[in-house]
Amino acid sequence: MDMFITISVDKYSFPSGHATRAAMVCRFVLHHLVLAIPLRVLVVLWAVIVGISRVMLGRHNVSDVVFGFFMGYMQYSVVKYFWLSPLSAPALFAVWNQ
């Protein structure tokens with residue numbers, strides 16, 4: 001491997017944590033920010049490039065990255081379910097502080 005200063009790197013890591021976070025951040029940005037179409041394409045392209053880079057560097061198999069993307073997509077679904085809107089957050093904190 002071409003890794004010089006590494007200590008106990010796990011070659012067989014499933015799923016890819018980088019792909020998981022890239023997918024989750026991509027969905028978060030696309031859902032919460034109003035972006036022009038070219039910026040939306042760049043955000044998705046960034047996530048795809050993260051996944052491709054993990055395979056090309058030899059750190060993961062394609063299945064690791066694909067499952068990582070799926071897992072990140074599902075993690076954002078959980079975040080979205082528990083997300084507090086600006087309308088509900090003050091009411092929750094008012095109840096909490098009583």
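Restricting attention to the range 36-61, and to residues there that are in a helix (DSSP H, G or I) and basic (Lys, Arg), which single residue is least open to solvent (accessible area, probe 1.4 Å)?
The initial filter retains those residues of the range 36-61 that are in a helix (DSSP H, G or I), namely 37-56.
Still in the list and also basic (Lys, Arg): 40, 54.
Working: ARG40: 78, ARG54: 40 Å².
That would be ARG54.
Can you tell me which residue is farthest from VAL29 (Cα to Cα) among those in the range 73-98 that are loosely packed, with under 10 Cβ neighbours inside 10 Å and of a type in the set (Phe, Trp, Tyr)?
Checked the range 73-98; the qualifying residue farthest from VAL29 (Cα to Cα) is TRP96.
Out of the range 12-35, which residues are in a loop (DSSP other than H, G, I, E, B) and more than 11 Å from the chain's Cα centre (by Cα)? Don't jump to the end; show me each part of the working.
Step one: list which residues in the range 12-35 are in a loop (DSSP other than H, G, I, E, B), which gives 12-16, 33-35.
Answer for the range 12-35, where residues must be in a loop (DSSP other than H, G, I, E, B) and more than 11 Å from the chain's Cα centre (by Cα): TYR12, SER13, PHE14, PRO15, LEU33, VAL34, LEU35.
Pairs needed: first member in the range 50-74, in contact (Cβ under 8 Å) with a residue 40 or more places away in the chain; second member anywhere, among the polar types (S, T, N, Q) and open to solvent by 30 Å² or more (accessible area, probe 1.4 Å); C-beta distance under 7 Å; at least 6 residues apart or different chains.
HIS60/SER13; ASP64/SER13
The values are calculated or read from the model by the stated rules, or taken from the named source; none is laboratory data. Since the structure is predicted, the reported quantities are computational estimates derived from the model, not experimental observations. Virtual Cβ from ideal backbone geometry, glycine too; neighbours counted across all protein chains shown. Calculation scope for accessible area: heavy atoms of the full protein, side chains included, ligands and nucleic acids excluded. Shrake-Rupley method; radii C 1.70, N 1.55, O 1.52, S 1.80 Å.
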